[in-house]
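Undergrad: This is the structure, below, for whatever I ask next.
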Ligand SMILES: Cc1cc2nc3c(=O)[nH]c(=O)nc-3n(C[C@H](O)[C@H](O)[C@H](O)COP(=O)(O)OP(=O)(O)OC[C@H]3O[C@@H](n4cnc5c(N)ncnc54)[C@H](O)[C@@H]3O)c2cc1C
């Protein structure tokens, strides 16, 4: 049985973090995850309701998304619809139902690792940074290093903003969530790809897969090998096979993983063919 004694409504993240000083306290944003996963011993709940942190704006270098922006905010935002090939808006739109998209926040989505969450895949593909608030002050980290920092998000640290470098805003993007039904959480495989081509050669590339393990799958070695190469039939075949076997190696005995591995190879092949034109 839950033992909640107090509910707090801070007006900003700094106030919220001081309220989390007490050991048995937790921060709740959209509540789509925590309504079923609230630790039993929690006594103080710190709600985000009064905190204005759902902005999406540009600064000189980044698209800056407040951590309380919902999937619906992102889906309908003018920058998310137009920059980065519209992939932010499109990926948000393909999650769950309108009801969940109205509530679920990007901060809550990346606070804990989960194979099926969409934002870890997108933020890895976009080399994003995250601004964090702790009792000691603010800190900025690369998204991919977030879980190495040793914080328990929502308990002793809060996510304030996500920063996506605008230098990628005109790259070639591809997003595909392969699932039983279009807006299902339960995806077989999620692919988020980005690349820059100049004079027929690959100048930058990031190929990221979700739904295969707790953290997104990326292969920096393959990405490095692709740089400064023209895209030939042989390169496409070899790269598709490398991704296919990389995904398979995560869990070689699982039947579903054999399907995912074939799918990953096919999607890589499709994308490389598409960007060489
Ligand atoms: C039916 C259903 C379908 C779903 N479908 C999808 C889907 O298709 N794709 C997908 O990606 N996700 C999906 N989800 C997952 C879920 O909606 C997300 O993970 C959501 O983004 C969590 O955000 P929230 O604001 O609801 O978090 P909450 O439930 O409020 O919090 C979740 C956890 O994160 C912590 N937290 C929240 N905000 C912050 C912050 N700013 N800083 C630090 N810690 C924080 C909380 O303390 C808590 O531990 C689905 C969920 C449901 C219930």
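Undergrad: Given the -39500 (n - 2.57) contribution per DSSP H run of 4+ residues, what per-residue ellipticity at 222 nm results for the chain, rounded to the nearest 500 deg cm²/dmol? Provide the component values of the computation, followed by the final result.
TA: Details: 11 runs with 93 residues, N = 277.
After summing the helix terms and dividing by residue count, I get -9000 deg cm²/dmol.
Undergrad: What are the principal axis extents of the Cα atoms in segment 172-275, in Å, biggest first?
TA: Result for segment 172-275: principal-axis Cα extents of 39, 28, 22 Å.
Undergrad: So for 41, 204, 77, fewest C-beta neighbours within 10 Å to most, what's the order? Could you put the intermediate results ahead of the total?
TA: Working: 41 10, 204 17, 77 21.
Fewest-to-most ranking of 41, 204, 77: 41, 204, 77.
Undergrad: Right, next: Peptides 122-130, 255-263: what's the order by average Cβ count within 10 Å, highest mean first? Could the numbers behind the result be given before it?
TA: Values: 122-130: 23.8, 255-263: 16.4.
The packing order, highest mean first, is 122-130, 255-263.
Undergrad: So how far, in whole Å, is the C-alpha centre of segment 177-196 from the one of segment 130-171?
TA: Taking the Cα centre of segment 130-171 as reference, the centre of segment 177-196 is 24 Å away.
Undergrad: Please compute the contact order of segment 56-167 in relative form: average sequence separation of alpha-carbon pairs under 8 Å and at least six residues apart, divided by the residue count, as a percent. Could you put the intermediate results ahead of the total?
TA: Values: 179 pairs, mean separation 33.0, N = 112.
Dividing the mean separation by the residue count of segment 56-167 yields 29 percent.
Undergrad: If you average the alpha carbon positions of segment 203-265 and of segment 60-77, how far apart do those two centres end up, in angstrom?
TA: Here the two parts' Cα centres lie 29 Å apart.
Undergrad: Along the principal axes of its C-alpha atoms, what lengths does the chain span, in descending order and rounded to whole Å?
TA: For the chain, the Cα spread along each principal axis is 63, 46, 33 Å.
Undergrad: Convex hull volume of the Cα atoms in segment 56-167, per residue, in Å³?
TA: Numbers: hull volume 10.7 nm³, N = 112.
Given the Cα convex hull of segment 56-167, per-residue volume reads 96 Å³.
Undergrad: Further question: So if each residue of separation counts as 0.36 nm, and I subtract the Cα-Cα distance between residue 50 and residue 6, what length gain in nm does that give? Mind dumping the intermediate values first?
TA: On the way: separation 44, 0.36 × 44 = 15.84 nm, distance 1.62 nm.
Residue separation times 0.36 nm, minus the Cα-Cα distance, leaves 14.2 nm.
Undergrad: Please say if segment 107-198 is rounded, prolate or oblate, where rounded means a/c under 1.5 for a ≥ b ≥ c the square roots of the C-alpha gyration tensor eigenvalues, and otherwise the choice is prolate for a/b larger than b/c and oblate otherwise?
TA: Numbers: a/c = 2.98, a/b = 1.37, b/c = 2.18.
It is oblate, given that a/c is not under 1.5 and a/b is not larger than b/c.
Undergrad: Next up: When only Cα pairs under 8 Å and 6 or more residues apart are kept, what is the percent relative contact order across the chain? Write out the running numbers ahead of the final one.
TA: On the way: 552 pairs, mean separation 40.7, N = 277.
Here the relative contact order equals 15 percent.
Undergrad: Moving on to the next point. Quick check: the angle from helix 255-275's long axis to the longest principal axis of the chain, C-alpha only, nearest 10 degrees?
TA: Taking the Cα atoms of the chain, the angle to 255-275 is about 70 degrees.
Undergrad: Order of 187, 67 from fewest to most other C-beta atoms within 10 Å? Mind showing how you got there, number by number?
TA: Values: 187 22, 67 27.
With the sparsest Cβ surroundings first, the list reads 187, 67.
Undergrad: A further question follows. Gain in length, residue 113 to residue 23, computed as 0.36 nm per residue apart minus the alpha-carbon separation, to one decimal in nm?
TA: Fully extending the segment from residue 113 to residue 23 adds 30.2 nm.
Undergrad: Further, regarding this structure: Would you mind ranking 140, 70 by Cβ crowding within 10 Å, fewest neighbours first? Please list the in-between numbers first.
TA: Values: 140 11, 70 22.
Ranking 140, 70 by Cβ neighbours within 10 Å, fewest first, gives 140, 70.
Undergrad: Do me a favour and compute the ellipsoid semi-axes for segment 6-47 from its Cα gyration tensor, root of five times each eigenvalue, largest one first, whole Å.
TA: Working: eigenvalues 55, 32, 10 Å².
They are 17, 13, 7 Å, listed from largest to smallest.
Undergrad: PRE reach from residue 172 (point 7 Å along Cα→Cβ): which of segment 185-203 fall under 16 Å by backbone N?
TA: Of the residues in segment 185-203, 192-203 have backbone N under 16 Å from the label point off residue 172.
Undergrad: If one takes the longest principal axis of the Cα atoms in the chain, at what angle in degrees, from 0 to 90 and to the nearest 10, does the Cα axis of helix 233-248 lie?
TA: Roughly 40 degrees between the two axes.
Coordinate-derived values only; no laboratory data. All of these numbers come straight from a predicted model, not from anything done at the bench. Positions of Cβ are backbone-derived with ideal geometry, glycine not excepted, and every protein chain shown enters the neighbour counts.
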